[in-house]
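What follows is a short report on a single structure.
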Amino acid sequence: MSDRRPLSLRLRLALIFVAGSLGTLLVASGFLYGSFQHEINLRNSRQLEGKIQEVAAILAQRPDDAAALEEEVQGEVPTAAEPQLWLRVVQDSGQILETPGMAERLPPTWFAGQAKTKHERRRYLLREQKIGNRAIQAALDITEDEGMIFSFRRRLAYTLLFGAVACSLLGWGSAHRGLKPLRSIAESTSGITPHRLGERLDPGQVPQELKDLVHALNKMLDRLDHAFERLSRFSADLAHELRTPMTILMGEAEVVLSKERSAEEYRQVLESSMEEFRRLSRLISRMLFLARAEDPHTTFVRAPIDAKRLVDDALAYFEAAAEEQGVRMVGEASGSIQGDSEWLRQALANLLSNALEATPRGGEIHVEALERDGMVELVVSDTGRGIVPDELPHILDRFYRTREALDRKRPGTGLGLAIVQSIARLHGGEVTLSSEPGKGTRAELRFPG
């Protein structure tokens, strides 16, 4: 496993900037150098070709005019100056007419197959053209041009070196300045603590490219704030739910131990304590179920479940209680659904238990289990008392109990619907509730099949 640390974002941006800038400089410099060299070489070649064509015209149009030919060939020698252009004409008779001094510098054999040559630190461009049995040889001194090209190449190298240093400094500075909004976001988020989860980042203070990041961070803070609030409320509710039976148990124990009691009195206290122990046991069992259902590492195997059997088993379990309360239960199911049978039975049992508790004598509970458009639907609707609108948004929260249940001191922990929602989310779905006071409630558990 490699221990190399990844490059910092600032260094990456700086390297990208330097690479791009130097690449552009290299391409531009190469183009300029190539164009400059090409233009000089083209100019020199044209000069040589033009002179050769002039001599060739004399040979073609005035072959017997030796004076004109001699003047054209030897007229290139300036007074007291080094000639730049050298000409030689090799006649068919073997006679050679050339610029004075050319034989020592540029022998005739040098022109065969060569474009450039060097003599005594001077560089020459060579051309040769044959016209019948005659040959025209021309040479141009390009020493100054070669020196100018070399000087231009050296200046380009210095320019590239300076550009590399300048681009490195500019790239580092630009990256440092460009990352300032990210440092500002980091400073702002570092100041958000569990006691300051209500603070949010301002999208208007960052560049357009970082607005999505700020919105994502704000949404994450919203989720954390909501989760922390639920956790705090859950801890308080759990402490309250545990404190009540513990207080009852401790009070009864203190009373019974305050003086000698009869066996019957001890028995009554133990029976009363057993009720509280059962309540604690149910509470702990449901909390463990919730913890298991909401564990992100919890896995389960989806298996086909006969929808009709699922509903019939649930109705059979509550049949005696429904008859005693005078409530009619109707089931409707078809096909096969995919899911965990144990958890779906638990969810359906919780929904039926709540519906049965809320439905008065003479009412009706309707249960559906089916697969529709690739979605599984478990629906329990009743004709009971319903839920008031201001309580409906909280009805799925843990330990939440309606005011009517608290006033009547109905038994329960307020975890039944929270368990149903956890089961639904574990299956990739959700629970929706709709209710109207006095007309009943409809609970729908829907998840992919």
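Observations
- Of ALA138, ALA358, ALA307, the one that fluctuates the most in a GNM where the chain has Cα springs shorter than 10 Å: ALA138
- GNM on the chain, alpha-carbon springs under 10 angstrom: the most fluctuating residue among ILE131, ILE419, ILE387 is ILE131.
- Over the stretch 9-166, all Cα pairs binned in 10 Å intervals from 0 give whole-percent P(r) values of 9, 31, 24, 14, 11, 7, 3, 1, 0, listed from short to long.
- Other-chain or far-sequence residues with amide H under 5 Å of GLY384's (modelled H): GLY440, THR441
- Note on PHE150, PHE228: ascending count of other Cβ atoms within 10 Å places them as PHE150, PHE228, the fewest first.
- Across the stretch 300-448, the volume of the C-alpha convex hull divided among the residues equals 103 Å³ per residue.
- Of all DSSP bridge pairs formed entirely within the chain, close to 90 percent run antiparallel.
- For SER262, SER45, order by how many other beta-carbon atoms lie within 10 Å, fewest first: SER262, SER45
- The stretch 93-176 pair-distance distribution - Cα-Cα, 5 Å bins, rounded %: 3, 11, 16, 14, 10, 8, 7, 6, 6, 5, 5, 4, 3, 2, 1, 0, 0
- Sorted ascending by nearby beta carbons within 10 Å, beginning with the fewest, ASP202, ASP312, ASP141 become ASP202, ASP312, ASP141.
- Here the ratio of the Cα radius of gyration of the stretch 133-204 to 2.2 N^0.38 Å is 2.71.
- For the stretch 106-139 versus the stretch 355-401, the inter-centroid distance based on Cα atoms is 106 Å.
- Over the chain, the reciprocal of the mean inverse Cα-Cα separation, the Kirkwood hydrodynamic radius, stands at 32.8 Å.
- Mean-square fluctuations from a GNM of the chain, with a 10 angstrom spring cutoff on Cα atoms, peak among ILE52, ILE192, ILE16 at ILE52.
- Annotation: amide H-H contacts under 5 Å for MET375 (H modelled 1.01 Å from N, sequence separation of 5 or more, or interchain): GLY449.
Every read-out reported here was derived from the displayed coordinates using simple, explicitly stated rules and does not represent laboratory data. All values reported here derive from a predicted model rather than from experimental measurement. As a convention, Cβ positions derive from the backbone with ideal geometry for all residues, glycine included, and neighbour counts pool all protein chains shown.
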